[in-house]
Amino acid sequence: MIVGMQAPVGADVGTGAEAGAGAGAETGAETGAESRSSSRIQRLNVVGTAVFVVSAVAAAVVFTKPIRLVGVVVALVLFAVGVFCFLWSYWTAVQRSRTDNIAVSQLYFLSGTSTPPQVKRVMNAALLVQVVTCLATAIARSSTDGRPGSTLAFGILVPMFGLGLNGLWCANHGTFSPRQQEPAPISPSVPPSTDEIEQNSSHG
C-alpha cells in the first residue's frame, strides 16, 4: 500500500516541474520578443536618420531637381511614419496610464529613469541629428535660383520621425512608477430628521 501511494506523489512532482519549466519558457520567449521589438525600433530610428542625412546633404550640395525630389520624398515618408508611430504610442500610453504614471517628457524625450541609458543615448542622439541636419540644410539652401524658399524646408518635418519612435519605444518598453489609487470619497453622515426622532420616541 505504501509503495502504491508513492507513484501519484512522484507524478505530482513531475507535473509541477513540467509546469514550472513551461512557465519559464513562456517568460523567456516574452523577454526575447520584447528585446527584438526594442532592437527593431532602435534600428529603424538609426537607419531612417542615416537615410535622411544622406538625402538632405546630397540635395543641399548638388541641389539639382532630381536630387531635391528624392530629398522631399524621403522627408515626407519619414514624417508619415513618425505621425503613425506618434499616434500609436499615444494610444498605447493612454492604456498604460490606467495603472502607471506616465509623463509626456518621459514618453517622447525619454527623460527620467523610464528608459535605460543606452537606449536613451541611441534614440535621443538620432533625434538630435535629425534636428541639426534639417536646420543646417534648410538654412544652407534658403533660396532656389534667387527666389526665397527651398524644397529642403521639408526636412523640418523629419524630427517627428524621431519623436514618434521615442514614444513608441517608451510606451511599449518603458518602466514607470505605479499609479496611486485614490481613496473613495467618504459620504457625510446625514443627521436624523425631527419626525424620525419623534417617531422613535413614541415607539420607545
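Laboratory data are not the source of any read-out in this text; all were calculated from the coordinates shown. As the structure is a computational prediction, the values presented were derived from the model and not from experiment. Every residue, glycine among them, receives a Cβ derived from its backbone with ideal geometry; neighbour counts consider all protein chains shown.
Structure notes:
- A Cβ distance below 7 Å, combined with a sequence gap of six or more or placement on separate chains, defines the contacts here; from segment 65-84, residues that are farther than 13 Å from Phe154 by Cα reach residues that are among the small types (Gly, Ala, Ser) and surrounded by fewer than 21 Cβ atoms within 10 Å (Cβ to Cβ) in the pairs Ile67/Ala58.
- There is no residue in segment 108-120 that is farther than 30 Å from Gly32 by Cβ, of a type in the set (Lys, Arg), surrounded by 18 or more Cβ atoms within 10 Å (Cβ to Cβ) and out of contact with any His (no Cβ under 9 Å at 6 or more places or on another chain).
- Inclusion of Ala125 among residues that are in contact (Cβ under 8 Å) with a residue 40 or more places away in the chain, surrounded by 14 or more Cβ atoms within 10 Å (Cβ to Cβ) and not basic (Lys, Arg) is not warranted.
- Number of residues in segment 145-176 that are part of a strand (DSSP E or B) and either among the charged types (D, E, K, R) or touching a residue at least 60 places away in the same chain (Cβ under 8 Å) (or both) equals 1.
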